[in-house]
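Q: Below: one structure in structure tokens.
The values are calculated or read from the model by the stated rules, or taken from the named source; none is laboratory data. Remember, it's a predicted structure, so these values are computed and weren't measured experimentally. Cβ coordinates were reconstructed from backbone atoms using ideal geometry, including for glycine residues, and neighbour counts include every protein chain displayed. Quick note on the areas: whole protein, heavy atoms, side chains included, nothing else; ligands and nucleic acids left out. Shrake-Rupley method; radii C 1.70, N 1.55, O 1.52, S 1.80 Å.
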Amino acid sequence: MGMAQRQRKKTPAKPRLSADDWADAALTAIGEGGLAAVAVEPLAVRLGTTKGSFYWHFTGRDALIEAALDRWAKLHTEGMISHVEAEPDLRKRIRLLFAEAVTTAASSPLEVSLLATAGHPQVAAALRKVTERRVAYVAELFAGLGFPDAEARRRGLLAYSVYLGHTQLGHAVPSVLPTTPEFDAYLDESLDLLMMR
């Protein structure tokens, strides 16, 4: 067998990892073990690569944490907003937003893990930015329903507080929350109260 044939039989090279691949792995680690779980070597093992790949994209751990938090904001805030914006009916859009947000938060401990590390300066800055964006967006939806701006802002804040409380309970004491058959009625009644004039 010639050298060219032997080279062709080698295992194909793995695709080069992107900074987003590393950021996604860091987000998974944060969800599983908090900020302390963001360590280069275990992430490299998880991704099936070397530390060299990490240093190709990042100057250090803080840069990875920053990228992961930016990715969280992009996927879990801007991505969610873009998704629900396709619904033209505002009341249905609000319901879709909360149904999607609650379902996503229930399946991932990431938001709870980030809230638990809110004292970390990078996490605090990301939480502030994301929370302000989310509350402002929900307030816009309430304003679109005809609530005056100040009231729309208060309702947006209350709605977001309800979401956070639900998320925390879903991970800490899930037995107190409604099960799947009851969830739709629970969500509808909660949102009807928030939208009531």
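Q: Tell me which aspartates and glutamates have Cα within less than 16 Å of Lys129's Cα, excluding those fewer than 8 residues away on the same chain?
A: Qualifying aspartates and glutamates at Cα under 16 Å: Glu66, Asp70, Glu78, Glu111.
Q: Lys and Arg at +1, Asp and Glu at -1: add these up for the other residues within a Cβ distance under 12 Å of His83 and post the number. Walk me through the numbers before you get to the answer.
A: Numbers: positive: Arg93; negative: Glu78, Glu85, Glu87, Glu100.
Net local charge, His83 excluded: -3.
Q: I would also like to ask the following. Can you grab the distance from the C-alpha centre of the stretch 20-66 to the C-alpha centre of the stretch 80-159, Å, no decimals?
A: Going from one Cα centre to the other spans 27 Å.
Q: Something else now. Just the number, please: carbon plus sulfur as a percent of the accessible area of the stretch 85-125, 1.4 Å probe, no ligands or DNA/RNA counted. List each step's numbers first, then the result.
A: Values: 1240 of 2030 Å².
C and S fraction of accessible area: 61 percent.
Q: Continuing with this model, one more query. Work out the charge dipole of the stretch 82-144 with +1 on the Cβ of Lys and Arg and -1 on the Cβ of Asp and Glu about the Cα centre, then indicate which of Tyr137, Ser108, Ala124 is farthest towards its positive end.
A: Of the options given, the answer is Ala124.
Q: 7 Å from Cα along Cα→Cβ at both Gln168 and Ile81: what's the point-to-point distance in nm?
A: 2.5 nm
Q: Let me ask something else. Between the DSSP loop rule and a limit of at most 12 other Cβ atoms within 10 Å, which GluC sites (Glu not before Pro) in the stretch 81-155 are left?
A: On the way: sites: Glu85, Glu100, Glu111, Glu132, Glu140, Glu151; in loops: Glu85.
Those satisfying the criteria are Glu85.
Q: Any chance you could get the radius of gyration and Dmax over the Cα atoms of the stretch 92-197, in Å?
A: Considering the stretch 92-197 through its Cα atoms, Rg and Dmax are 14.3, 40 Å.
Q: Cβ under 15 Å from Ala39's Cβ, Ala39 left aside: what net charge do those residues give with Lys, Arg +1 and Asp, Glu -1?
A: Working: positive: Arg46, Lys51, Arg61; negative: Glu32, Glu41, Asp62.
Value of the local net charge: 0.
Q: Still on this structure, please answer the following. Viscosity 0.890 mPa s, temperature 25 °C: give me the Stokes-Einstein translational D for the stretch 29-157 in µm²/s, with Rh taken as the Kirkwood radius over C-alpha pairs.
A: In µm²/s, the coefficient rounds to 150.
Q: Let me check against my output: what whole-number percent is the relative contact order of the chain, with C-alpha pairs under 8 Å and at least 6 apart? Could the numbers behind the result be given before it?
A: Values: 163 pairs, mean separation 38.0, N = 197.
Worked out over the chain, it gives 19 percent.
Q: I would also like to ask the following. Please compute the per residue accessible area over the stretch 65-197 with all protein chains in place, 1.4 Å probe, rounded to a whole number of Å².
A: Values: 7030 Å² over 133 residues.
Value returned for the stretch 65-197: 53 Å² of accessible area per residue.
Q: Among the trypsin sites (Lys or Arg not before Pro) within the stretch 99-184, which fall in a DSSP loop and have no more than 14 other Cβ atoms within 10 Å of their own Cβ? Please list the in-between numbers first.
A: On the way: sites: Arg128, Lys129, Arg133, Arg134, Arg153, Arg154, Arg155; in loops: none.
Passing both the DSSP loop test and the Cβ count: no residue.
Q: Along each principal axis of its Cα atoms, how long is the stretch 39-104 end to end? Whole angstroms, biggest number first, please.
A: Per principal axis, max minus min of the Cα coordinates gives 49, 19, 15 Å.
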